[in-house]
Amino acid sequence: MRMIILGAPGAGKGTQAAGIATSFKIPAISTGAMFRENIAAGTPLGRQVAEILSAGHFVSDDITSAMVFERLGRDDAAAGFLLDGYPRTLAQVEALDAYLAERSQALDCVLELTVDTELVVARLLRRAQIEGRADDTEEVIRERMAIYREQTSPLTDVYRARGLLIAVDGSGEVGEVADRIATALAGRAA
């Protein structure tokens, strides 16, 4: 199964991705986790990413795509993957399309978690307190939401037109959302 999980920051993508990946025996590949690992390690990429994220912006398409494609080239992703946080822009959709086409591969589905904006803001503020994430201030969260709506929401139109989009309500308890996802994905496995 080759799939993408879409949703605003704080929609629950990372939480749900772990369960989906386990169910389908595929790696959950999170750009956010890759960025945080680089930041923690103090790599040149990590320093660059930290500066961009602290301003509430997204990392460039070129940097993100190169990082994701390197990860997709690893053995554990050969039979499938779940991308969390990528693609985020139409340019990244095109880059992923080209990458997959070069390998005679295609996406099986795109899962979108839909959640009310105020619920997302509350979730991210709570997560910031628990995990000590300096990039999750209310101002930065709202900026990221605005960027998400502007840049990423149009991806749903692309994937809907291709017949790949599956929208799932991401509000409620983790188990409730997981059950909705399992029902929505039933029969979609390649």
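The values are calculated or read from the model by the stated rules, or taken from the named source; none is laboratory data. Just so it is clear, the structure is predicted and the values come from calculations on it, not from any experiment. With ideal geometry, Cβ positions are generated from the backbone for all residues, glycine too; neighbour counts draw on all protein chains shown. Keep in mind that these areas ignore ligands, DNA and RNA; they rest on the heavy atoms of the full protein, side chains included. Shrake-Rupley method; radii C 1.70, N 1.55, O 1.52, S 1.80 Å.
Classify the stretch 138-190 from the C-alpha gyration tensor, please: rounded if a/c falls under 1.5, else prolate or oblate depending on whether a/b exceeds b/c. Oblate shape, in that a/c is at least 1.5 and b/c is the bigger or equal ratio.
Here the simple spin-label model places points 7 Å from the Cα toward Cβ, and for ASP76 and SER60 these points are separated by 2.9 nm. With R₀ set to 25 Å, the beta-carbon distance separating ARG162 from ARG133 gives a calculated FRET efficiency near 0.15. What separates the Cα centres of the stretch 133-190 and the stretch 1-48 is a distance of 13 Å. Of the solvent-accessible surface of the chain, computed with a 1.4 Å probe and all protein chains present, 52% belongs to carbon and sulfur.
With N counted as the residues of the stretch 1-48, its alpha-carbon radius of gyration over 2.2 N^0.38 Å works out to 1.32. With the convex hull drawn around the C-alpha atoms of the stretch 108-175, the volume per residue stands at 110 Å³. The modelled label-to-label distance for the pair GLU143/ALA40, using points 7 Å beyond Cα in the direction of Cβ, is 2.4 nm.
Send over a whole-number figure in Å² for the accessible area per residue of the chain, probe 1.4 Å.
For the chain, the solvent-accessible area averages 49 Å² per residue.
Rounded if a/c is under 1.5, else prolate if a/b is larger than b/c, else oblate: which is the stretch 55-99, with a ≥ b ≥ c the root eigenvalues of its Cα gyration tensor? Taking the square roots of the gyration eigenvalues as a ≥ b ≥ c, the stretch 55-99 is prolate. With q set to 0.20, 0.22 Å⁻¹, the log10 of I(q)/I(0) for the stretch 43-117, from the Debye formula over equal scatterers at the Cα positions, is -1.00, -1.13. So what does log10 I(q)/I(0) come out to for the chain at q = 0.09 Å⁻¹, using the Debye formula with one equal point on every Cα and no solvent? Scattering profile of the chain, log10 relative to I(0): -0.31. In the chain, helical runs assigned H by DSSP with n ≥ 4 each contribute -39500 (n - 2.57); averaged across all residues and rounded to the nearest 500, the mean residue ellipticity at 222 nm is -17000 deg cm²/dmol. Whole-percent P(r), the stretch 1-87, all Cα pairs, 10 Å bins from 0: 17, 48, 31, 4. Each label was represented as a point 7 Å from its Cα along the Cα-to-Cβ direction; for SER171 and ALA91 these points are 3.5 nm apart.
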